[in-house]
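Student: So that we are looking at the same thing, I have put the structure below in structure tokens.
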Amino acid sequence: MDDSSTSPLVGKPHPAACYAGMVSLRDPLPLELHVPSPPHRPGDTPQFTPFAEQPGDLPRPDTLAPFESLRDHATSLIRVLDDQSVAAGEWNPQLTPQQLRHGLEMMLRVRHFDARLIAMQRQGRVSFHVTSRGEEASAVAGAMAYAHRDILFPSYRQPGLMLVRGMPILAMMCQIIGNHFDHTNGRQMPVHYSWRAGNVVSISSPVGTQWPQAVGAAMAFAYRGERHVVGVWSGDGTAAQGDFHHALNFASVYRPPCVLHVVDNQWAISTHRALATGGRTFAGRADAYNLPGLRVDGNDFLAVYAAEQWAIERARRGGGPSLIELVTYRCEAHSTSDDTSQYRANGEPACWPGGDPIERLKQHLVGLGEWCDESHALLNTALEQEASATFEHAETYGSLANPSEMLPITMFEDVYVRTPDHLQRQFEELQAESAENDSIPPTLPFAKPQQRAVG
Amino acid sequence: MPTMNLIQAIRSGLEVMLERDPNVCVFGEDVGYFGGVFRATQGLQQQFGTRRVFDTPLAEGGIIAAAIGMGLNGLRPVPEIQFADYMYPAFDQITNELAKLRYRSGGEWTAPLTIRTPCGGGIRGGLFHSQSPEAYYTHTPGLCVVMPSNPFDAKGLLVSSIECDDPVIFFEPKRLYRGPFDGQLERVPPWRDQPSAEVPEGHYRVPLGKASIVRPGEEVTIIAWGTMVHVAQAAIEDAGIDAELIDLRTLIPLDLATITASVEKTGHCVVVHEAPRTSGFGAEIVALIQQHCFYSLEAPIERVTGWDTPFPHAQEWQYMPSRARIAQAVGRSLAA
């Protein structure tokens, strides 16, 4: 490189023509690689600043208001339930006691579903699980605000979306076990559901990939002039992906009916949110894309529902996309394969200023005279039994200890609409090889291979 | 000499290179404070500081692009992509930018990255935690592609990769991290019983482009890399055949001489890889063997591979090449 730069053909640089070097630097700051760190590490006594924002701080503009009128909403915090779980302010969605009890029941159902699967993972009856403990409101209240025909793209941490829309717990547990009752044929890791009947798109492990897809799905609604809405969810870590920005830009350019959600639960495995953005809020990014951004207390069931309802109505009226940031906290490890004690302070979950979403909604209902401790205890027991009994039921279709052998052809189906010749040959190769090998049964004991046609 | 598992060997290789070369820096998702989801960078940030070993945002395209910038400006970055399945957001950066930088600048600019990434199946990882995408990168001129199968090679190859002035995609078969794999699902035998787990603490190299003959033999040549080296070895023991087992160790540069010398001797060959069959790197090896060893071949070359489907979760053990499938392919080759 040195030789070529002095060659007369390549030319020599003219340092004197670069003027920056001639000016002396005024008051320089230290120049070093800045690597952000979280507020607390193992061994620290964690302490979060309580939310300064109160219910009633922010107005609820018309759903077709210009995005500029929501700038405060992107940097402040929309709350409805105050610290005593009393609802106040323009954002109160005025849900009926029946709707509130439904929300409470769904959040509790999610919690027991998660707890049962964690317990089963520890017993070796499930290989892997991802829980949403502490974040139930962000999915449950969100899902309740959508219509059936709307399309949802959850991440792996929103089981509440599926449960609210009516996906049977049994089907979800069979997917997690990966037995032959799983309608996606055991293809995916646990918690990567797909539920076409409920307009829930197949969940993918790579993060953020589905954000621009969700915008595209909304573009299809706009293309056909259909007043349906698309919702997509991810964590704070995902907001660092290029796909996140692709999604915001396409949303900004084509203005299709969609709602984009960052569930800011503070942690992406061991990566603190400070590594996902150099700024304070994610909702604030919407402004640069001429979109409204709503920053919401994600553990406040009513605030989540209200913000969701606002954004969905805006999209349905033709007002275009919104970005919602749900501020919450990941109480458990990323997954059953993760160990939080290696990277975060023990007491962090307990001192999160947003509290517990179930407890807050329960207190609210009790305050309204629409719920009591006895009812809550009964519901708790019933849902715990439901989760436990459903898991036992799911295992009858095949468990990890006693798996239901899937038909080998299942592996070769759904790669293409019709199984092509080369895959048919590979299937026959597997059959021939399995026939020679006693350890792999070629077919199910309770299903005949000829019941499934290739191609 | 200490014994190490494959993760400890990787960590030791990183430590040695961080010590030796102040331009080496290590970064990626969860690799800093936490030490990586597989613990391959455990303690390195505490030892070398956040300037040398740091966490990144979850953005594989950003990680590799930033690494290219750092690399062309004098550093020797060793970024980690948490799973090989997650490399695709960086595919443009790797294949269009990194691989072609030297060529398009007439040799003026280059970025000597070593991109470490766990690959392969056998951990119930399903579609997105099990892939073996090496062929995408062997198909891209300008990249070296490395995949060790044991702790000693892992460290020596990692040192050579970091010292290499060309970019290297360094695949780590994750099923081998904590023990060799003999094709039995639930068994994880420890590395410490294996001679290849004796790993020197200091600096040493295993050269790129040099295959290893794991087991000499006369009857048939079996060519494998990564996890499949161990499954093939178990299959050879099962079948009681006098097979020569070659562990390629690096796919690019490829040690063709070792392959051809073996096939000329045995006249039979079976190529084993975990990746899907069509356009897998096995196809390239088969083509080279038929070109260079045509008159020595006594049977068609067999391939035992993953099927041409995505990597399934529940049917993982029917997907991954098994000892039985390898033994049967060897049988077909010898019977031909």
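The values are calculated or read from the model by the stated rules, or taken from the named source; none is laboratory data. Remember, it's a predicted structure, so these values are computed and weren't measured experimentally. All Cβ positions, glycine included, derive from the backbone under ideal geometry; neighbour counts span all protein chains shown.
Student: Determine, yes or no, whether B:GLN47 is closer than 22 Å to B:SER132 by Cβ, of a type outside the set (Gly, Ala, Ser) and either at the interface with chain A (Cβ under 9 Å from one of its Cβ atoms) or outside any loop (DSSP other than H, G, I, E, B) (or both).
Tutor: No; evaluated as a whole, the condition is false for this residue.
Student: Kindly check whether there is at least one residue in the stretch A:338-353 that is surrounded by fewer than 23 Cβ atoms within 10 Å (Cβ to Cβ) and within 20 Å of A:SER76 (Cβ to Cβ).
Tutor: Yes - at least one qualifying residue is present in the stretch A:338-353.
Student: To continue, here is another question. For residues that are among the small types (Gly, Ala, Ser), out of contact with any strand residue (DSSP E or B) (no Cβ under 6 Å at 6 or more places or on another chain) and closer than 18 Å to A:VAL200 by Cβ, tally how many sit in the stretch A:212-226.
Tutor: Number satisfying all stated conditions: 2.
Student: Which members of the stretch A:341-358 meet the condition of being touching a residue at least 60 places away in the same chain (Cβ under 8 Å) and in a helix (DSSP H, G or I)?
Tutor: If the condition is that a residue be touching a residue at least 60 places away in the same chain (Cβ under 8 Å) and in a helix (DSSP H, G or I), then A:SER341, A:GLN342, A:PRO349, A:CYS351, A:PRO357, A:ILE358 are the ones that fit.
Student: Residues A:PHE181, A:PHE250: which one is touching a Cys at 6+ places or on another chain (Cβ under 7 Å) and surrounded by fewer than 24 Cβ atoms within 10 Å (Cβ to Cβ)?
Tutor: A:PHE181
Student: Can I ask one more? Return the only residue of A:ALA143, A:ALA119, A:ALA137 being without any contact (Cβ under 8 Å) to a residue 60 or more places away in the chain, more than 14 Å from chain B (Cβ to nearest Cβ), aliphatic (A, V, I, L, M) and buried (at least 21 other Cβ atoms within 10 Å of the Cβ).
Tutor: The conditions single out A:ALA143.
Student: Would you check which residues across the stretch B:145-161 are of a type in the set (Val, Ile, Thr) and buried (at least 24 other Cβ atoms within 10 Å of the Cβ) and list them?
Tutor: If the condition is that a residue be of a type in the set (Val, Ile, Thr) and buried (at least 24 other Cβ atoms within 10 Å of the Cβ), then B:VAL145, B:VAL146 are the ones that fit.
Student: Something else now. Can B:GLU298 be described as of a type in the set (Asp, Glu), under 18 Å from B:MET147 (Cβ atoms) and not in a helix (DSSP H, G or I)?
Tutor: Answer is no for this residue.
Student: When the stretch A:231-243 is examined, which residues are found to be under 14 Å from A:PHE153 (Cβ atoms) and either surrounded by fewer than 24 Cβ atoms within 10 Å (Cβ to Cβ) or of a type in the set (Lys, Arg) (or both)?
Tutor: Passing the criteria: only A:ASP243.
Residues are listed down the side, and each one gets a yes or a no for (1) in contact with a Cys (Cβ under 6 Å, 6 or more places away or on another chain); (2) within 30 Å of A:TYR193 (Cβ to Cβ); (3) not in a helix (DSSP H, G or I):
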| residue | (1), (2), (3) |
| --- | --- |
| B:ILE241 | no, no, yes |
| B:LEU245 | no, no, yes |
| B:VAL270 | no, no, yes |
| B:ASP308 | no, yes, yes |
| B:GLY331 | no, no, no |
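Student: Got a sec? Which helices (runs of 4 or more DSSP H) wholly within the stretch A:100-194 have at least 1 residues that are closer than 24 Å to B:GLN131 by Cα and not hydrophobic (A, V, I, L, M, F, W, C)?
Tutor: The qualifying helices (runs of 4 or more DSSP H) are A:169-177.
Student: Please work out which residue is modelled with the highest pLDDT, limiting yourself to the stretch A:1-48 and to residues that are farther than 29 Å from A:ARG273 by Cα and facing chain B (nearest Cβ under 10 Å).
Tutor: A:VAL10
Student: Restricting the search to the stretch B:87-117, which residues are within 19 Å of B:PHE128 (Cα to Cα), buried (at least 21 other Cβ atoms within 10 Å of the Cβ) and under 19 Å from the mean Cα position of the chain (by Cα)?
Tutor: B:MET87, B:ALA90, B:ILE115, B:ARG116, B:THR117
Student: Across the stretch A:388-425, what is the total count of residues that are more than 20 Å from A:MET189 (Cα to Cα) and within 12 Å of chain B (Cβ to nearest Cβ)?
Tutor: Within the stretch A:388-425, residues that are more than 20 Å from A:MET189 (Cα to Cα) and within 12 Å of chain B (Cβ to nearest Cβ) number 8.
Student: Tell me yes or no: at least one residue of the stretch B:303-311 is surrounded by fewer than 21 Cβ atoms within 10 Å (Cβ to Cβ) and in contact with a Gly (Cβ under 6 Å, 6 or more places away or on another chain).
Tutor: Checked against the condition, which is being surrounded by fewer than 21 Cβ atoms within 10 Å (Cβ to Cβ) and in contact with a Gly (Cβ under 6 Å, 6 or more places away or on another chain), the stretch B:303-311 yields at least one hit.
Student: Of all residues in the stretch A:261-306, which are within 13 Å of chain B (Cβ to nearest Cβ), more than 16 Å from the chain's Cα centre (by Cα) and surrounded by fewer than 24 Cβ atoms within 10 Å (Cβ to Cβ)?
Tutor: A:HIS272, A:ALA274, A:THR277, A:GLY278, A:GLY279
Student: Counting only residues that are in contact with a Leu (Cβ under 7 Å, 6 or more places away or on another chain) and of a type in the set (Asp, Glu), which one in the stretch A:61-109 is surrounded by the most Cβ atoms within 10 Å (Cβ to Cβ)?
Tutor: Within the stretch A:61-109, the match that is surrounded by the most Cβ atoms within 10 Å (Cβ to Cβ) is A:GLU105.
Student: Same structure, new question: For the stretch B:139-153, check the following and say yes or no: at least one residue is part of a loop (DSSP other than H, G, I, E, B), at positive phi and touching a residue at least 40 places away in the same chain (Cβ under 8 Å).
Tutor: yes
Student: Taking the conditions exactly as written (buried (at least 20 other Cβ atoms within 10 Å of the Cβ) and in contact with an Asp or Glu (Cβ under 6 Å, 6 or more places away or on another chain)), does B:GLY120 satisfy them or not?
Tutor: Spelling it out, B:GLY120 is indeed buried (at least 20 other Cβ atoms within 10 Å of the Cβ) and in contact with an Asp or Glu (Cβ under 6 Å, 6 or more places away or on another chain).
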